[in-house]
Amino acid sequence: GSGTFASGREETWKFIMSRPWIGGGFQWDAVEHRGEAVWPRLCSVSGAIDLFLQRKDAFYQNQSHWFEKPMIHLLPHWNHNGLEGMPITVWIYTNCEEVELFLNGESLGKIAVTPNTHLEYPVEYRPGKLEAVGTINGKIAAQDMQQTTGPAVALKLSLANGPVCFNGEDIALLTCTAVDADGREVPDATPLVHFDGTGDGHLVGT
């Protein structure tokens, strides 16, 4: 309304839901695309799913607005080495009625959920396990967790599509993840990875 090109998902949805005479709105809620960017950025970054088919936080924000099935999504990750004792703003998307946040089993308080918004907790960083528990009518309905991992020690490949047929035409989409000694994804790992194909398979892009 102020002449801006676009508003965020939350403000747009709050605007729509508070006005019964509005039929709907528009967002680019699918996979991101190349273009509509200023160099050196190549991607619009406007999608809820990125170029590598990974679900971004906005994917779960949409669920909190539209899903009837109880859900909760906690962010950011909990690998912040060197920031011990510093405040980290934790966001939660949920369609539950109330949320309680725990750090290493200690409650950081309960917050009632205002529909079509998000919750924010200022949390003093300590490594370990951050857990969000959502309740409806006083009963646990959904949970999410972020956990501090060890350093990355290996790479893991997982097939993102399928089934893939050996017919000379199919393409296998593989996700490469850095994992710690316990097999947990290391969210802040930044290894330089080289890919190559052997046998009858051909590498078409990374």
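Hey, could you check region 152-161 for residues that are over 17 Å from Trp78 (Cβ atoms) and among the small types (Gly, Ala, Ser) and say which is surrounded by the fewest Cβ atoms within 10 Å (Cβ to Cβ)?
If we take residues in region 152-161 being over 17 Å from Trp78 (Cβ atoms) and among the small types (Gly, Ala, Ser), then Ser158 is surrounded by the fewest Cβ atoms within 10 Å (Cβ to Cβ).
Considering only region 100-142, state which residues are touching a strand residue (DSSP E or B) at 6+ places or on another chain (Cβ under 7 Å), open to solvent by 80 Å² or more (accessible area, probe 1.4 Å) and either aromatic (Phe, Trp, Tyr) or under 24 Å from Trp13 (Cα atoms) (or both).
Result: Glu120, single match.
Tell me, which residue of region 65-96 that is modelled with pLDDT under 95 and not in a loop (DSSP other than H, G, I, E, B) is least open to solvent (accessible area, probe 1.4 Å)?
Here the residue is His65.
Restricting to region 185-206, name every residue that is farther than 19 Å from Phe52 by Cβ and open to solvent by less than 70 Å² (accessible area, probe 1.4 Å).
Passing the criteria: only Gly201.
Going through region 43-64 one residue at a time, which ones are in a loop (DSSP other than H, G, I, E, B) and not β-branched (Val, Ile, Thr)?
Within region 43-64, Ser44, Ser46, Gly47, Ala48, Asp50, Leu51, Phe52, Leu53, Gln54, Lys56 meet the criteria.
Run down Pro40, Pro76, Pro70 and say which single residue is closer than 29 Å to Asp188 by Cβ and in contact (Cβ under 8 Å) with a residue 60 or more places away in the chain. Walk me through it before giving the result.
Values: Pro40 fails: in contact (Cβ under 8 Å) with a residue 60 or more places away in the chain; Pro70 fails: closer than 29 Å to Asp188 by Cβ.
When all the criteria are applied, what remains is Pro76.
Can you tell me how many residues within region 8-36 are closer than 16 Å to His65 by Cβ and surrounded by 10 or more Cβ atoms within 10 Å (Cβ to Cβ)?
Residues in region 8-36 being closer than 16 Å to His65 by Cβ and surrounded by 10 or more Cβ atoms within 10 Å (Cβ to Cβ): 16 in total.
Given the conditions (1) in a strand (DSSP E or B); (2) open to solvent by 40 Å² or more (accessible area, probe 1.4 Å), and given that Trp39 satisfies all but one, which numbered condition is not satisfied?
Condition not satisfied by Trp39: (1).
Residues being of a type in the set (Asp, Glu) and either under 21 Å from His194 (Cα atoms) or open to solvent by 90 Å² or more (accessible area, probe 1.4 Å) (or both): count how many of those fall in region 162-181.
2
Within region 142-161, is there a residue that is touching a residue at least 12 places away in the same chain (Cβ under 8 Å), touching a Leu at 6+ places or on another chain (Cβ under 8 Å) and of a type in the set (D, E, K, R)?
Yes.
Per-residue answers, yes or no, for (1) out of contact with any Pro (no Cβ under 8 Å at 6 or more places or on another chain); (2) acidic (Asp, Glu):
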position: Met86; (1), (2): yes, no
position: Trp91; (1), (2): no, no
position: Glu100; (1), (2): yes, yes
position: Gly128; (1), (2): yes, no
position: Lys139; (1), (2): yes, no
position: Ser158; (1), (2): yes, no
position: Gly162; (1), (2): yes, no
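The values are calculated or read from the model by the stated rules, or taken from the named source; none is laboratory data. The structure displayed is predicted, hence computed values, not measured ones. Reconstructed Cβ throughout: ideal geometry from the backbone, glycine too, with neighbour counts over all protein chains shown. Keep in mind that these areas ignore ligands, DNA and RNA; they rest on the heavy atoms of the full protein, side chains included. Shrake-Rupley method; radii C 1.70, N 1.55, O 1.52, S 1.80 Å.
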